[in-house]
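Asker: The structure under discussion is supplied below as structure tokens; questions concerning it will follow.
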Amino acid sequence: MISLLKSIASGTEYPLDDIRFTSDSGELLDVVHDIDALKKQNNLTKEYFSNKRSTVNGQPSGGVWHFKELVMPSLAEHEIVSKQEGNTRLYRSKKISAWLGLQKEKFFLKHEGENPTGSFKDRGMTVAISMAKHLKQKAVSCASTGNTSASLAAYASEAELPGLVLIPKGNVAVGKISQALAYGTKTLVVNGDFDDCMRMIREAQEKLSAYPLNSINPFRLEGQKTIMWEILMQLNWNVPDWFVFPGGNLGNTSAFGKALYEARQLGWIDRMPRFAVIQAEGASPFYKAFKNNFAALKPEKAETIATAIKIGAPVNYTKAVRALKWTNGIVESVTDEEILEAKAVVDAAGIGAEPASCASAAGIKKLIARGEIKPNETVVGLLTGNILKDPQVIVDYHFNRKTPYANPPHDIEATIDDLKRFL
Ligand code: F0G
């Protein structure tokens with residue numbers, strides 16, 4: 001078999017087509033591809049991917065399926081449900097690098113909010129929903145702080161599969177819940193938090209035949225790996241010193257670690273960037289575990305304005321710890337105030353992203369102040385979701401805050417005289 005499922009600690013193997021998300025003893029599963037065998041079919045060098053022109057079902061693709069050979073080699077092209085995920089921009093910004101105190105040539109922001117439904121989730125969703133169809137699943141489900149539900153809803157509709165999403169009551173940004181409703185998925189508002197929703201999905205997994213598309217599904221992470229590979233390709237395969245991104249359920253942390261591990265195995269890179277995972281202070285179980293040398297994960301009641309990462313019991317914890325070990329990584333936490341200031345700066349640079357995404361910029365600022373990131377180092381930050389996902393936070397900030405970054409609107413009379421005051 002070219003690909004199989006393998007439990008991350010014991011190494012127990014299962015066929016790729018087994019409908020399972022953990023080993024018999026409850027460990028998380030990796031998708032493992034036989035890279036040596038794949039290399040015999042194609043010369044999978046970095047030059048091969050830099051020069052390749054990829055298509056999916058007759059359309060130019062790039063993005064996730066540009067790396068199909070290393071994402072899901074056994075899937076037939078006609079089984080792929082894709083909306084052209086990925087191929088997102090790597091921004092440079094004079095304004096943001098000046099605010100951070102980094103050199104503008106050496107600071108980049110990868111904008112995953114430019115995906116079809118406005119977040120990085122689409123990268124994982126295209127792979128997992130294609131596999132759901134391949135595995136002849138009759139319905140798909142997820143727990144979500146919002147973006148996964150928006151993505152699932154769009155892809156389930158396109159794949160003509162019934163979808164079921166569980167979201168925590170009062171804690172999902174308006175842009176995201178709008179998407180879930182509009183794309184026509186069954187949306188269940190749970191009287192509980194995200195961790196309750198996730199627990200229900202895990203419990204229901206065997207009893208309901210609704211295939212889970214959360215990041216506990218290892219196929220999701222295969223798609224999310226391509227964020228890392230695309231960045232490396234955009235940087236001409238030069239490895240940055242730091243890669244900084246927000247952490248919630250820790251799917252990205254796990255996927256990016258695997259991407260780099262495989263990039264090394266493939267001979268694309270000869271050193272690892274260091275990871276800095278940023279959590280919101282009120283939802284920081286991974287940060288606290290890191291501070292405690294990963295002795296244990298203590299689930300907590302999460303609270304933050306960045307609702308996307310309002311998670312107290314991350315399901316991918318063990319994979320994320322492994323990723324930090326591979327990359328000599330660190331975890332930092334930032335306050336909601338720090339997130340909001342960073343967001344105001346990222347937004348005013350004309351780039352813009354939702355609150356959780358801007359934890360990246362807030363974290364970089366803090367790590368520079370602490371001397372952990374040096375001003376002359378190359379840093380890539382990840383923006384995970386689109387600015388329009390959470391308009392309420394923006395309106396509240398600019399209407400009500402008295403900070404140098406607030407940009408409140410002004411009421412004027414319908415006269416040129418009144419207009420002149422602003423020219
Ligand atoms: N940023 C955004 C915008 C997110 O929506 C999420 C997760 C994260 C960061 C954290 O990523 O879980 O891989 O560590 N959102 C999930 C959801 C949980 O349901 O949409 P992670």
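Asker: Please calculate the 1.4 Å probe accessible area of Trp65, with all protein chains present, and give it to the nearest 10 Å².
Answerer: Its heavy atoms expose roughly 10 Å² to the probe.
Asker: Between the stretch 7-34 and the stretch 210-262, how many Å separate their Cα centres?
Answerer: Centre-to-centre (Cα) distance: 19 Å.
Asker: Additional query: Only Cα pairs within less than 10 Å get springs; with that Gaussian network setup on the chain, which residue of Leu29, Leu367, Leu166 has the largest fluctuation?
Answerer: Leu367
Asker: Based on a Kirkwood Rh over C-alpha pairs, give the Stokes-Einstein translational diffusion coefficient of the chain at 37 °C and viscosity 0.692 mPa s in µm²/s.
Answerer: For the chosen part, D equals 151 µm²/s.
Asker: Expressed as a whole percent, how much of the Cα-Cα distance distribution for the stretch 105-245 exceeds 27 Å?
Answerer: Roughly 24 percent, once rounded to a whole number.
Asker: How would you order 39-48, 156-165, 338-347 from highest to lowest mean count of nearby Cβ atoms within 10 Å?
Answerer: 338-347, 156-165, 39-48
Asker: Please report the antiparallel percentage of the DSSP beta bridges confined to the chain, to the nearest 5.
Answerer: Among the beta bridges of the chain, antiparallel pairing accounts for roughly 35 percent.
Asker: Quick one: pull the percentage of alpha-carbon pairs in the stretch 314-423 with a separation above 20 Å.
Answerer: Tail of P(r) above 20 Å: 55 percent of Cα pairs.
Asker: Once phi is turned into θ = phi - 60°, what whole-Hz ³J(HN,Hα) does the Karplus curve with 6.51, -1.76 and 1.60 give for every residue of the stretch 208-215, x standing for Gly and Pro?
Answerer: 8, 9, 10, 5, x, 10, 6, 6
Asker: Could you calculate the contour length gain from Tyr405 to Lys301, that is, 0.36 nm times the residue separation minus the distance between their Cα atoms, to one decimal place in nm?
Answerer: Full extension from Tyr405 to Lys301 adds 34.4 nm.
Asker: Please identify, among Val140, Val379, Val395, the residue showing maximal mean-square fluctuation in a Gaussian network model of the chain using a 10 angstrom Cα cutoff.
Answerer: In the Gaussian network model the winner is Val395.
Asker: Can you list residues whose amide H is under 5 Å from Ile330's amide H, if they're 5+ apart or on another chain and H is modeled 1.01 Å from N?
Answerer: Amide H to amide H, under 5 Å and 5 or more residues apart or across chains, Ile330 pairs with Phe275, Ala276, Val277.
Asker: Moving on to the next point. In Å², what does the accessible area per residue of the chain work out to with a 1.4 Å probe?
Answerer: 42
Asker: Let me ask something additional. Which of the listed residues, Gly146, Ile368, Asn292, is farthest toward the dipole's positive end in the chain, when Lys, Arg count +1 and Asp, Glu count -1 at the beta-carbon?
Answerer: Ile368
Asker: Students sometimes get this wrong: rank Met233, Met1, Met198 by accessible area, probe 1.4 Å, all chains present, largest first.
Answerer: Met1, Met233, Met198
Asker: Here is a further query. Carbon and sulfur together cover what percent of the accessible area of the chain at a 1.4 Å probe radius?
Answerer: Answer for the chain: carbon and sulfur cover 50 percent of the accessible area.
Asker: Still on this model: Ile8's amide H: which non-local residues (gap 5+, or another chain) put their own amide H closer than 5 Å, with H modeled 1.01 Å from N in plane and none for Pro or chain starts?
Answerer: For Ile8, whose amide H was placed from the backbone, the distant partners under 5 Å are Leu28, Asp30.
Asker: Give me the dipole magnitude in Debye, nearest 20, for the chain about the Cα centre, with unit charges on the beta carbon: positive for Lys and Arg, negative for Asp and Glu.
Answerer: It comes to approximately 660 debye.
Asker: With a 1.4 Å probe and all protein chains kept in place, how much accessible area does Lys301 have, in Å² rounded to the nearest 10?
Answerer: 150
Asker: Moving on. Amide H neighbours of Val56 under 5 Å, counting only residues 5+ apart in sequence or on other chains, H built in-plane at 1.01 Å?
Answerer: Under 5 Å from the amide H of Val56: Ser61.
Asker: Hey, with R₀ at 51 Å, roughly what FRET efficiency would Ile269 and Asp418 work out to, going by the Cβ-Cβ distance, to 0.05?
Answerer: The calculated FRET efficiency here is 0.30.
Asker: Past the 23 Å Cα-Cα mark, which pairs from Lys6/Lys39; Lys291/Lys365; Lys83/Lys365; Lys95/Lys402; Lys288/Lys319; Lys121/Lys343?
Answerer: Lys83/Lys365
Asker: Scan the stretch 50-102 for trypsin sites (Lys or Arg not before Pro) in coil per DSSP, keeping those whose Cβ has at most 11 other Cβ atoms within 10 Å, and list them by number.
Answerer: Those satisfying the criteria are Arg53.
Asker: Now for a separate question. Strictly greater than 27 Å: what percent of every Cα pair in the stretch 1-143 meets that?
Answerer: Result: 36 percent of Cα pairs exceed 27 Å.
The values are calculated or read from the model by the stated rules, or taken from the named source; none is laboratory data. All values derive from a computational prediction rather than experimental measurement. No Cβ is skipped: glycine too gets one built from the backbone with ideal geometry, and neighbour counts run over all protein chains shown. Side chains included, ligands, DNA and RNA excluded: accessible areas come from the protein's heavy atoms. Shrake-Rupley method; radii C 1.70, N 1.55, O 1.52, S 1.80 Å.
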